[in-house]
Each structure stands twice: as structure tokens, then as C-alpha cells.
Amino acid sequence: MSIASKTAVAILISGRGSNMGALIAASLDDTYPARIVSVISDKADAAGLEHARGFGIAARAVARSEFDSKETHEAAVREAIEASGAKFIALAGYMRLLSAEFVRAYEGRMINIHPSLLPAFPGLATHERALAAGCRVHGCTVHFVTEGMDEGPIIEQEAVRVALDDTADTLAARVLEAEHRIYPKALAMVVRGEVRMTGDGTSQFRH
Ligand code: GRF
């Protein structure tokens, strides 16, 4: 696949960016349908920025701390996305709740990875909560982004067995491996049009 025929994708991060790394690694394959044109962080010191630059990808911080409101910050993030030419957005550990307006602007073109089998455990501390609930199975989900937090239509999931001696850290590490498998797969499905978000807020798969 020539570079020009690949779909341009921007990734939004806040931290280490290991899922971002998995998407970049997948995108380097000739047959992968997306190329990563931009990485944007809301934190100036996100480790993922340097990692992305190492691959020659334009990576920049649009730091929340430099803006006086959520609105002006989001406007700057949108400007950076538009300037990159990205058609799709992958949130990869972006720790900021997006406004309804931002979400609407990229409806059906913005996806997120979450470390639980949604709809179980939206929000934070998912591994601790899965252990506290006595779950024997946990996992991760890629979903379209909608206004509700971690509520959008599901694109892909992978289940992970919970071991009897798991701690939140050991469980998180195995879930993260699964995240790195499903995120590239889900992004490819979305940009190929194999799954799309319908008007009634569900995922429709082409098969
Ligand atoms: C991942 O567990 C992801 O599911 C969640 O935030 C974490 C980000 O990790 N949304 P990384 O920055 O991709 O390493």
C-alpha cells in the first residue's frame, strides 16, 4: 500500500504512550491501511512524544496548563488535528474528558481504548475494581467515542483470565498486552470501513 493511499490518523496521548507505540508499529507495515501523521499530548512531559519523534512522526504538546479554559484548549487541539490532515483520531491514554462539541466534530471517526470489558468498569482504577468484584475474566475494549465517558459503541474486545494471585499491577500488565493486540486491529477495521457507528449509536459491522 503506498503511503498516499493510507488513511491519515492522529493520536492523542497524555502519558507513556504504549498503545500509541503499538499503533505506530502496526502502521509501519506496508499492508496496514493507516499512517500516523500526528501525535498530540495535553501534557508537555508525556513520554510518548519523544517515542513518536523517534519514528519521525510530528509530535507536539498542546498543554492544558497553557490555556485558560477547556474551550480554548480544545480549539487548539482541533487546530493541530486539522493542520495534520488527519481523518481519524485514536485516543491512547488521553486523560481528558472531551466536550460534546469536540466529540460531535469527529463523530464516528474517533476511537478510544479502555482497560476493561465495557460496559463493566468505565472510568478509572479498572483493574483494582475488577479484582475487588471477584471477576475471573477481565480485559479491554476499543470503542467509538461518544459524549458519555467510556460509553460508545464497541468495536473490539479481548478477554483476559484473572489469576488467583493477580495484583492490580500483574493484571494490568496482561491487559496491556491485549490492548496492544486489539487497538491496531480495531483502527484498521474502522479506517477500512469494516465497522461504522450508526445514527442510533451502535456499531455496524460489514461481513
Ligand atoms: C491504557 O491502559 C489505556 O487503556 C487507558 O490508558 C492507558 C494508557 O496507557 N486508556 P499507554 O499510555 O497507552 O501506555
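Selection of first residues in segment 184-207 that are buried (at least 17 other Cβ atoms within 10 Å of the Cβ) and of second residues that are hydroxyl-bearing (Ser, Thr, Tyr) and assigned to a strand (DSSP E or B), restricted to Cβ pairs under 6 Å at least 6 apart or on distinct chains, gives the following pairs, ordered by first then second residue: VAL191/THR7; VAL195/SER203.
Residues HIS127, HIS143, HIS180: which one is in contact with a Pro (Cβ under 8 Å, 6 or more places away or on another chain) and under 11 Å from ILE113 (Cα atoms)? One residue alone meets the criteria, HIS143.
The lone criterion from (1) more than 16 Å from the ligand (Cβ to nearest atom); (2) open to solvent by 50 Å² or more (accessible area, probe 1.4 Å) left unmet by SER99 is number (2).
Residues of segment 52-84 that are part of a loop (DSSP other than H, G, I, E, B), over 19 Å from ALA25 (Cβ atoms) and either open to solvent by less than 30 Å² (accessible area, probe 1.4 Å) or among the aliphatic types (A, V, I, L, M) (or both): VAL62, ALA63.
From the list ARG35, ARG53, ARG78, the one residue that fits, being farther than 23 Å from VAL142 by Cα and not aliphatic (A, V, I, L, M), is ARG53. I'd like to check something: does segment 167-186 contain any residue that is away from the ligand (no atom under 16 Å from the Cβ), modelled with pLDDT of 95 or more and within 18 Å of GLU107 (Cβ to Cβ)? Among the residues of segment 167-186, not one is away from the ligand (no atom under 16 Å from the Cβ), modelled with pLDDT of 95 or more and within 18 Å of GLU107 (Cβ to Cβ), which makes the answer no.
Could you go through segment 107-123 and let me know if any residue there is closer than 28 Å to ALA159 by Cβ, away from the ligand (no atom under 13 Å from the Cβ), in contact with a Leu (Cβ under 9 Å, 6 or more places away or on another chain) and at pLDDT 95 or above. Yes, the conditions are met somewhere in segment 107-123. Within segment 129-143, residues that are assigned to a loop (DSSP other than H, G, I, E, B) have Cβ atoms under 8 Å from residues that are surrounded by fewer than 24 Cβ atoms within 10 Å (Cβ to Cβ) in these pairs: CYS135/ALA120; CYS135/VAL162; ARG136/ARG161; ARG136/VAL162, counting only partners at least 6 apart in sequence or on another chain. Of all residues in segment 191-207, those being out of contact with any strand residue (DSSP E or B) (no Cβ under 6 Å at 6 or more places or on another chain) and part of a helix (DSSP H, G or I) number 0. If ASP42 satisfies all but one of (1) under 19 Å from HIS180 (Cβ atoms); (2) within 15 Å of the ligand (Cβ to nearest atom), what's the number of the condition it fails? Only one criterion in (1) under 19 Å from HIS180 (Cβ atoms); (2) within 15 Å of the ligand (Cβ to nearest atom) is unmet by ASP42, namely (1). Restricted to segment 136-154, and to residues that are open to solvent by 10 Å² or more (accessible area, probe 1.4 Å), hydrophobic (A, V, I, L, M, F, W, C) and modelled with pLDDT of 95 or more, which residue is farthest from the ligand (Cβ to nearest atom)? This residue is VAL137. Across segment 1-36, which residue is nearest to the ligand (Cβ to nearest atom) among those that are assigned to a loop (DSSP other than H, G, I, E, B) and of a type in the set (Ser, Thr, Tyr)? Filtering first and then ranking leaves SER14. Just one of (1) assigned by TED's automatic domain parsing to the domain that holds ALA22; (2) out of contact with any Asp or Glu (no Cβ under 8 Å at 6 or more places or on another chain); (3) of a type in the set (A, V, I, L, M, F, W, C) trips up ALA159, so point out which. The number of the failed condition is (1).
The values are calculated or read from the model by the stated rules, or taken from the named source; none is laboratory data. Keep in mind the model is a prediction, meaning the values are calculated, not measured. Every residue, glycine as well, gets a Cβ built from its backbone with ideal geometry; the counts of neighbours run over all protein chains shown. Heads up: the accessible areas ignore ligands, DNA and RNA and are worked out on the full protein's heavy atoms, side chains in. Shrake-Rupley method; radii C 1.70, N 1.55, O 1.52, S 1.80 Å.
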